[in-house]
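**Q** Could you have a look at this structure, given as structure tokens, before my questions?
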Amino acid sequence: MSELSELYQQVILDHNRNPQNFHRPAGANQTAEGYNPLCGDKITVYLRVHGETIQEIGFEGSGCAISKASGSLMTTIINGKTIKQTQSLSKKFQEMVTCDLNIPPPSDMGKLIVFAGVREFPMRVKCATLAWHTLNAALEGKKETVSTEKPEE
């Protein structure tokens, strides 16, 4: 097992057992709900935004270890960032977990780099990205629940 794979597993387990920012912050003024019907993950992201800065972020919900760990690590990284920084990081995260396995992950992802390993498991990518999609919906003021699946037409 590679060093990154071992780190990935350890971080997932740690953040699943002891999720950070697993609460609704007082004074939250933006929120969104997300749902992954394939895995059953449900998450609500809460933001307290002032001007262009995310002053506090929290999340609540239930789901698999990857989903909960992704939400936990996301909140620790996003707290205090600007909306623009957050949107940029969200895009980079989603690109990292969906890119070709032969492309090395970006070196500037900090602790989020451990999620690069999820791209080896395509069914788990939606678990890892649910919190990020929900964060984006909260920033955009979307009221409908974000789903990892496209609605049937």
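**Q** Can you tell me which residues in segment 84-121 are closer than 25 Å to HIS50 by Cα and hydroxyl-bearing (Ser, Thr, Tyr)?
**A** Across segment 84-121, the qualifying residues are THR86, SER88, SER90.
**Q** Can we say ALA138 is closer than 18 Å to ALA28 by Cβ and either modelled with pLDDT under 95 or part of a helix (DSSP H, G or I) (or both)?
**A** The answer is yes for ALA138.
**Q** Are there any pairs, at least 6 apart or on different chains, whose C-beta atoms fall under 6 Å, with the first in segment 17-43 and of a type in the set (Phe, Trp, Tyr) and at pLDDT 95 or above and the second surrounded by fewer than 18 Cβ atoms within 10 Å (Cβ to Cβ) and not in a strand (DSSP E or B), and if so, which?
**A** TYR35/THR145
**Q** Next up: Quick check: is even one residue across segment 41-50 within 25 Å of GLN87 (Cβ to Cβ), surrounded by 15 or more Cβ atoms within 10 Å (Cβ to Cβ) and over 15 Å from the mean Cα position of the chain (by Cα)?
**A** Yes: one or more hits.
Residues checked against (1) in a helix (DSSP H, G or I); (2) small (Gly, Ala, Ser); (3) at pLDDT below 95; (4) more than 19 Å from ILE12 (Cα to Cα):
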position: THR76; (1), (2), (3), (4): yes, no, no, no
position: LYS91; (1), (2), (3), (4): yes, no, no, yes
position: ASN102; (1), (2), (3), (4): no, no, yes, yes
position: PRO105; (1), (2), (3), (4): no, no, yes, no
position: ILE113; (1), (2), (3), (4): yes, no, yes, no
position: ALA116; (1), (2), (3), (4): yes, yes, yes, no
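**Q** Turning to a different aspect of this structure: Looking at PHE59, is it touching a strand residue (DSSP E or B) at 6+ places or on another chain (Cβ under 8 Å) and surrounded by 21 or more Cβ atoms within 10 Å (Cβ to Cβ)?
**A** Spelling it out, PHE59 is indeed touching a strand residue (DSSP E or B) at 6+ places or on another chain (Cβ under 8 Å) and surrounded by 21 or more Cβ atoms within 10 Å (Cβ to Cβ).
The values are calculated or read from the model by the stated rules, or taken from the named source; none is laboratory data. Please read all numbers here as calculations on a predicted model, not as lab measurements. Every residue, glycine as well, gets a Cβ built from its backbone with ideal geometry; the counts of neighbours run over all protein chains shown.
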